[in-house]
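Read the figures in this text as sums done on the coordinates, not as results from a lab. Since this is a predicted model, take the numbers as computed values, not measurements. Please note: Cβ atoms are built from the backbone with ideal geometry, for glycine as well, and neighbour counts cover all protein chains shown.
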């Protein structure tokens, strides 16, 4: 557990809907390791051999094991839950387009940017993307609900 704790992004102070503005952005970077993929496979039960079997994966068009698309997408969730909007945000929905595989050793930068604010419902729409070593591997949009300041 201590090794995992060292890899956790530190949460930012909680924000309220009123603290947000169009164009705000945040990101995090993570190097994808073989152990990450194996742990994700174990936790989710997605044991597709393209992710967990070197021999099988070597015979695919990728030539090696690749990360689960949802593992990459979970990095977006990490940004939303710890950085922007951060603690207190409730993830409502996500659209995702997977653009390219993420390989072991890739450095992935997950980033989000606020593109719409809906004050009457305290909803936030964010553009989300992941870049791995200079190439886009994921993009989409997320909706989150935010707490407002007590009046």
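What ranking do 83, 123, 135 get, fewest neighbouring Cβ atoms within 10 angstrom at the top?
In increasing order of surrounding Cβ atoms, one gets 135, 123, 83.
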Query raised in the report: Can you give the angle from 0 to 90° between the axis of helix 69-82 and the longest principal axis of the chain, with both taken from C-alpha atoms, to the nearest 10?
Result: 30
Query raised in the report: How far is helix 34-44 tilted, in degrees, relative to the longest principal axis of the Cα atoms in the chain, given as a value from 0 to 90 rounded to the nearest 10?
Result: 70
Requested in this report: Please report 28, 138 as a ranked list, fewest other C-beta atoms within 10 angstrom at the top and most at the bottom.
Outcome: 28, 138
Query raised in the report: Which order results if 44, 72, 82 are arranged by neighbouring Cβ count within 10 Å, fewest first?
Result: 44, 82, 72
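Relative contact order for the chain using alpha-carbon pairs under 8 Å, separation at least 6, rounded to a whole percent?
So the answer I get is 29 percent.
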**Report entry** segment 80-137 - Kirkwood radius from inverse mean 1/r over Cα pairs (Å)
**Finding:** 13.0
Query raised in the report: If you average 1/r over every pair of different alpha-carbon atoms in segment 34-151 and take one over that average, what Kirkwood value in Å do you get?
Result: 15.4
**Report entry** Packing-based ranking, highest mean first, of 48-60, 84-96 given that Cβ atoms within 10 Å are counted
**Finding:** 84-96, 48-60
